[in-house]
Amino acid sequence: MKWVWIIVTVLSGAFGDLVSAKGMAVHGEIDDFRPSGLARILRYIVTHPLVFVGIVSNAIAFFSFMALLSVSDLSFAVPVTASSYILKTICAKWYLGERITWRRWAGAFMVAIGIALLSI
Amino acid sequence: MDRKSNLKNRIFIAIVVLTNAAGNVLLALGMKQMPDFDNVSVMGYTASLFTNLWILCGIALLIVWMVAQLSMFTWADLTYVLPVTAGGYIVTAILGKFFLDETISLARWAGIALISFGVILVSETPPHDTGGDPS
């Protein structure tokens, strides 16, 4: 059961971030932070299908991580699910068309390993 | 990236990092005050979740975190935002030490150092990089 929760957490977390990033990217750079501008951003976030699906998917990741914690230790759950940084980096290249330079690769690996070390 | 966008980007990194860390610590503080799950009904447990001030403040901060991170995606790449805002893990570890009496072991210090290097490396790349595509 442990591995089911790990797979659900990593996949739904990566999927959620990728589609919500895509949904926000098509909006174009936000520059208006007056109350009316903030209200527009909030409306966009809750009504844009990709962003909305992304939030739901991230919520699934959150709850399956909670379920994972109920069957395993934090020091196991966090390092294993930190691997999602690598998956997100790979997927961002083909789904979002991002150019992954060596600095971005190194950064993603350092952060993933660093998070794993933090939980030991 | 012009100076105004650069400033906006930095402010948002700070908001994402701080609201995520503070939100997590408040949630953890609130959860420690919750009744043991086995001893109360589901309704009773839910009721004490949503009447706990720490938990409510933690949820509010995490909503701000989510909106701020989503906003960043309108001008920055996913592979920029995620590593650069990972500094939140460091802040959470340090807040945990002071507010939750958690210890920072040698391995944790190594983790903090590694995340810091990762943040610095990625923060020196342009936030939006599509390989010379002018769009």
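Laboratory data are not the source of any read-out in this text; all were calculated from the coordinates shown. Keep in mind that this is a model prediction, so the values were computed, not measured. As a convention, Cβ positions derive from the backbone with ideal geometry for all residues, glycine included, and neighbour counts pool all protein chains shown.
Answer yes if at least one residue in the range A:71-80 is touching an Asp or Glu at 6+ places or on another chain (Cβ under 8 Å), without any contact (Cβ under 8 Å) to a residue 24 or more places away in the chain and not in a helix (DSSP H, G or I), and no otherwise. Within the range A:71-80, none of the residues are touching an Asp or Glu at 6+ places or on another chain (Cβ under 8 Å), without any contact (Cβ under 8 Å) to a residue 24 or more places away in the chain and not in a helix (DSSP H, G or I). Here B:ILE59 meets each of (1) part of a helix (DSSP H, G or I); (2) within 11 Å of chain A (Cβ to nearest Cβ); (3) of a type outside the set (Phe, Trp, Tyr); (4) without any contact (Cβ under 8 Å) to a residue 60 or more places away in the chain with one exception, condition (2). For the residues A:VAL53, A:VAL111, A:VAL26, the requirement of being farther than 28 Å from B:LEU7 by Cα and either of a type outside the set (Lys, Arg) or under 17 Å from the mean Cα position of the chain (by Cα) (or both) singles out A:VAL53.
Determine, yes or no, whether A:ASP31 is in contact (Cβ under 8 Å) with a residue 60 or more places away in the chain, acidic (Asp, Glu) and out of contact with any Phe, Trp or Tyr (no Cβ under 8 Å at 6 or more places or on another chain). No. Condition first: exposed (fewer than 15 other Cβ atoms within 10 Å of the Cβ), facing chain B (nearest Cβ under 9 Å) and assigned to a helix (DSSP H, G or I). Now tell me which residues in the range A:21-62 satisfy that. Answer for the range A:21-62, where residues must be exposed (fewer than 15 other Cβ atoms within 10 Å of the Cβ), facing chain B (nearest Cβ under 9 Å) and assigned to a helix (DSSP H, G or I): A:LEU38, A:LEU42. Within the range A:88-103, residues that are at the interface with chain B (Cβ under 7 Å from one of its Cβ atoms) have Cβ atoms under 8 Å from residues that are among the aromatic types (Phe, Trp, Tyr) in these pairs: A:THR89/A:TRP105, counting only partners at least 6 apart in sequence or on another chain. The set of residues in the range B:11-44 that are surrounded by fewer than 12 Cβ atoms within 10 Å (Cβ to Cβ) and part of a helix (DSSP H, G or I) comprises B:LYS32, B:PHE37, B:ASP38, B:ASN39, B:VAL42, B:MET43, B:GLY44. The conditions of being closer than 20 Å to A:ASP32 by Cα and out of contact with any Phe, Trp or Tyr (no Cβ under 8 Å at 6 or more places or on another chain) are not met by B:TRP109. Cβ separations smaller than 7 Å between residues 6+ apart or across chains give the following pairs from the range B:85-102 residues that are under 11 Å from B:VAL16 (Cα atoms) to residues that are surrounded by 18 or more Cβ atoms within 10 Å (Cβ to Cβ) and polar (S, T, N, Q): B:THR85/B:GLN69; B:GLY88/B:ASN20. Scanning the range B:103-127 for residues that are charged (D, E, K, R) and more than 18 Å from the chain's Cα centre (by Cα) yields one hit, B:GLU124.
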